[in-house]
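Below: one structure, written as structure tokens.
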Amino acid sequence: MQDDLYREIILEHWKNPQNYRVLSDNDIDITEQNKSCGDTIRLMIKFKDGKITEIAFLGDGCAISKASASMLTEQIKNMKISSLNKLTQDKVLQNLGLNLTPARMKCALLSFVALKKSLDYYQPKNAKDKK
Ligand code: ZN
């Protein structure tokens with residue numbers, strides 16, 4: 001029962017993805033590929049005052065990769081970097097609410113991998129700005 005509800009949410013995000021556009025004024029523009037399925041996610045982020053102020057993505061691939069990126073960007077928009085650092089892949093998967101096979105999990109976590117790389121890239125570069 002619960003599964004059907006989640007499936008519908010995924011389907012809705014796939015058909016009508018949120019934050020699906022180019023964000024040209026960005027701090028991060030990263031493209032991540034999932035070779036096992038052929039998915040590509042391009043994640044673009046704008047940071048300000050220690051949080052994400054704008055986020056957008058483009059994607060090419062299966063429904064899971066696209067829908068999960070849509071859900072993730074909705075979830076983390078306006079989130080502080082300190083909270084983002086605490087975001088785990090378990091929480092992301094929990095938010096998706098699907099029982100996924102290991103192969104599908106890679107699809108679902110592609111945008112999360114891109115996010116983690118973005119943070120790794122952004123934080124050392126801007127650490128000196130912190131007080
Ligand atoms: Zn996939």
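Quick notes on this structure:
- Output for the range 56-93, where each listed residue is within 16 Å of the ligand (Cβ to nearest atom) and charged (D, E, K, R): 60, 66
- Residues in the range 60-91 that are assigned to a helix (DSSP H, G or I), within 23 Å of residue 35 (Cα to Cα), in contact (Cβ under 8 Å) with a residue 12 or more places away in the chain and not basic (Lys, Arg): 11 in all.
- Restricting the first member to the range 12-26 and to residues that are within 16 Å of residue 75 (Cα to Cα), and the second to residues that are among the polar types (S, T, N, Q), the beta-carbon pairs closer than 6 Å and six or more apart or on different chains are 13/70; 17/70; 18/70; 19/73.
- Counting only residues that are within 14 Å of the chain's Cα centre (by Cα) and either surrounded by fewer than 19 Cβ atoms within 10 Å (Cβ to Cβ) or within 16 Å of the ligand (Cβ to nearest atom) (or both), the range 31-55 holds 11 of them.
- Residue count for the range 102-131, restricted to those that are within 16 Å of the ligand (Cβ to nearest atom), over 15 Å from residue 6 (Cβ atoms) and more than 14 Å from the chain's Cα centre (by Cα): 2
- Residues of the range 38-92 satisfying the condition of being hydroxyl-bearing (Ser, Thr, Tyr) and within 26 Å of residue 126 (Cβ to Cβ): 53, 73, 82, 83, 88
Every number here is computed from the coordinates shown, using simple stated rules; none is lab data. Note that the structure is a prediction, hence the values are computed from the model and not measured. All Cβ positions, even for glycine, are placed from backbone atoms using ideal geometry, and neighbour counts span all protein chains on display.
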